[in-house]
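Read through the structure below, which is laid out as structure tokens, and then see the notes.
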Amino acid sequence: MSIRVVRLGSPRIPGEGLRVGTVRRPPRGVPKSEYARRDFYDVWLPELAPSDRLVKEAHRATDAKAWRTYMRRYRAEMKRPDATRLLTLLAALSHRTDFSVGCYCADEAHCHRSLLRELLREYGAKLA
């Protein structure tokens, strides 16, 4: 049992389990009924996505200093009670079932999902 961190919209791999979208917005131009079929996500959990303001900041983070600032601010957002409860829940579930979490970004190294991976590990999640 474990969590995989994936790019939403990428082909699913066998055993991936339920796919959780940790993004601020649903995929553009895709009917809601098609989200799962097109490998975006089965359930949407925007509470673990960066705020709109932070998403804009991430897109403007073109150097290491700006990215570190973004990382610090995202981690601060994830210290809110609702986010910590969700991180705790996902970490606990990772010991009972397989599922995945993800975002649309092409480069995981420059995406909140890399930070989400770290946070889940810190909360005791079992990661694939």
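What the table below lists for this structure:
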{"item": "Selection from region 67-92 of residues that are in a helix (DSSP H, G or I) and open to solvent by 70 Å² or more (accessible area, probe 1.4 Å)", "result": "Arg68, Arg72, Arg73, Pro81, Arg85, Thr88, Leu89"}
{"item": "Filter result for Glu34 (without any contact (Cβ under 8 Å) to a residue 60 or more places away in the chain, open to solvent by less than 80 Å² (accessible area, probe 1.4 Å), in contact with an Asp or Glu (Cβ under 7 Å, 6 or more places away or on another chain) and of a type in the set (D, E, K, R))", "result": "no"}
{"item": "Scan of region 14-44 for residues that are hydroxyl-bearing (Ser, Thr, Tyr) and out of contact with any His (no Cβ under 8 Å at 6 or more places or on another chain), ordered by number", "result": "Ser33, Tyr35, Tyr41"}
{"item": "So Tyr74, is it touching an Asp or Glu at 6+ places or on another chain (Cβ under 8 Å) and at pLDDT 95 or above", "result": "no"}
{"item": "Search result, residues across region 19-52 that are basic (Lys, Arg) and touching a Pro at 6+ places or on another chain (Cβ under 6 Å)", "result": "Arg24"}
{"item": "Failed item in (1) within 23 Å of Ala125 (Cα to Cα); (2) open to solvent by less than 40 Å² (accessible area, probe 1.4 Å); (3) among the hydroxyl-bearing types (Ser, Thr, Tyr), with Tyr104 passing the rest", "result": "(2)"}
{"item": "Region 51-63 - residue that is surrounded by fewer than 15 Cβ atoms within 10 Å (Cβ to Cβ) and either at pLDDT 95 or above or of a type in the set (D, E, K, R) (or both) and, of those, farthest from the chain's Cα centre (by Cα)", "result": "Asp63"}
{"item": "Of all residues in region 1-12 being in a loop (DSSP other than H, G, I, E, B) and at pLDDT 95 or above, the one that is surrounded by the most Cβ atoms within 10 Å (Cβ to Cβ)", "result": "Leu8"}
{"item": "Among the candidates Gly21, Gly17, residue that is in contact (Cβ under 8 Å) with a residue 60 or more places away in the chain and open to solvent by less than 20 Å² (accessible area, probe 1.4 Å)", "result": "Gly21"}
{"item": "Selection count, region 61-88, where residues are touching a Leu at 6+ places or on another chain (Cβ under 7 Å) and of a type in the set (S, T, N, Q)", "result": "0"}
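The values are calculated or read from the model by the stated rules, or taken from the named source; none is laboratory data. Every value quoted in this text rests on a predicted model; they were computed, and no experiment measured them. Every residue, glycine as well, gets a Cβ built from its backbone with ideal geometry; the counts of neighbours run over all protein chains shown. Note: accessible area is taken over every heavy atom of the protein model, side chains too, but ligands, DNA and RNA are not part of it. Shrake-Rupley method; radii C 1.70, N 1.55, O 1.52, S 1.80 Å.
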